[in-house]
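Student: So that we are looking at the same thing, I have put the structure below in structure tokens.
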Amino acid sequence: MDAKGLMLKRTILIQLLEAFASKRATKELGYYLTVTSLDKIGEGKIREHTGEVMFPVVFSGMTFKIFKGEILEGVVHKVLRHGVFMRCGPVENVYLSHVKMPDYKYLPGENPIFMNEKMSRIQVDTLVRFVVIGTKWMEVEKEFQALASLEGDYLGPISEE
């Protein structure tokens, strides 16, 4: 491949990455994380009104989609009286209701927490292992929301030791 061909491939790859980044997520595939390979570049076609050259491409990529029944880990970013919000990968809103945290009680204050009788705490920045009990695609925001539960074995705060 000559230098011009390499520059063309690089330009196409940059355009693909920009398009990939702006798309964010789809209901079918989940969140777009990265392009892993550019497999084929088709023949360029000139657009009539703009003069731009359009190249069909075949590529592979990595996505992240959250599913009901999955066991995942998330970091708490907001504690409310009725539950906590966690981040899990690109998913910003995983909600864990106090109803789905057996044995945990809400303790209000400047830095509110949930705590159980064994002194296990769920607070901002706590890493929590949970099971996904439901997901919802938000079309306008192009993002997923999820409901979580701690009802099951080996679920709850994870100690960082």
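Student: Below 8 Å, C-alpha to C-alpha, sequence gap of six or more: please give me the relative contact order for the chain in percent. Please list the in-between numbers first.
Tutor: Numbers: 307 pairs, mean separation 30.5, N = 161.
So the answer I get is 19 percent.
Student: Let me ask something additional. For a test of understanding, tell me how many lysine pairs in region 1-96 have Cα atoms under 18 Å apart, given they are 8 or more places apart or on different chains. Working shown, then result.
Tutor: On the way: Lys4/Lys40; Lys4/Lys45; Lys9/Lys40; Lys9/Lys45; Lys23/Lys65; Lys27/Lys65; Lys27/Lys68.
Lysine pairs meeting the criterion: 7.
Student: Excluding ligands, DNA and RNA, what is the solvent-accessible area per residue of the chain at a probe of 1.4 Å, expressed in Å²?
Tutor: Working: 10960 Å² over 161 residues.
That works out to 68 Å² for each residue.
Student: Compare the Cα positions of Gly42, Ser97, Met7 along the charge dipole of the chain (+1 at Cβ of Lys, Arg; -1 at Cβ of Asp, Glu; about the Cα centre) and return the one farthest towards the positive end.
Tutor: Gly42
Student: Provide the gained length on full extension for the span Ser159 to Arg10, in nm with one decimal, where the gain is 0.36 nm per separating residue minus the Cα-Cα distance. All intermediate terms of the calculation are to be shown ahead of the outcome.
Tutor: Values: separation 149, 0.36 × 149 = 53.64 nm, distance 4.43 nm.
The Ser159-Arg10 span can extend by a further 49.2 nm.
Student: Expected output is a single nm value to one decimal: the length gained when fully extending between Ile46 and Met119, i.e. 0.36 nm times separation in residues minus the C-alpha distance. What is it?
Tutor: So the extension gain works out to 19.7 nm.
Student: Under the classification rounded if a/c is under 1.5, otherwise prolate if a/b is larger than b/c and oblate if not, where does region 1-152 fall, given a ≥ b ≥ c as square roots of the Cα gyration tensor eigenvalues?
Tutor: On the way: a/c = 3.39, a/b = 3.27, b/c = 1.04.
Here region 1-152 falls in the prolate category.
Student: At a Förster distance of 35 Å, what's the computed FRET efficiency of Glu18 paired with Arg129, Cβ-Cβ distance as r, to 0.05? Don't skip to the answer; put the middle values down first.
Tutor: Values: r = 36 Å, r/R0 = 1.02.
The pair Glu18/Arg129 has a calculated efficiency of 0.50.
Student: Along the positive direction of the dipole of the chain (beta-carbon charges: Lys, Arg +1; Asp, Glu -1; about the Cα centre), which of Ile71, Pro56, Met138 reaches farthest?
Tutor: Comparing the listed Cα positions along the dipole, Pro56 ranks first.
Student: Which percent of the accessible heavy-atom area of region 1-156 goes to carbon and sulfur, probe 1.4 angstrom? Before the final figure, lay out each step's value.
Tutor: Numbers: 5750 of 10460 Å².
Heavy-atom surface of region 1-156 belonging to carbon and sulfur, 1.4 Å probe: 55 percent.
Student: Considering region 92-161, what Rg and Dmax in Å follow from its alpha-carbon atoms?
Tutor: 13.4, 42
The values are calculated or read from the model by the stated rules, or taken from the named source; none is laboratory data. Nothing here was measured: the structure is a model prediction, and the numbers come from that model. Every residue, glycine as well, gets a Cβ built from its backbone with ideal geometry; the counts of neighbours run over all protein chains shown. Heads up: the accessible areas ignore ligands, DNA and RNA and are worked out on the full protein's heavy atoms, side chains in. Shrake-Rupley method; radii C 1.70, N 1.55, O 1.52, S 1.80 Å.
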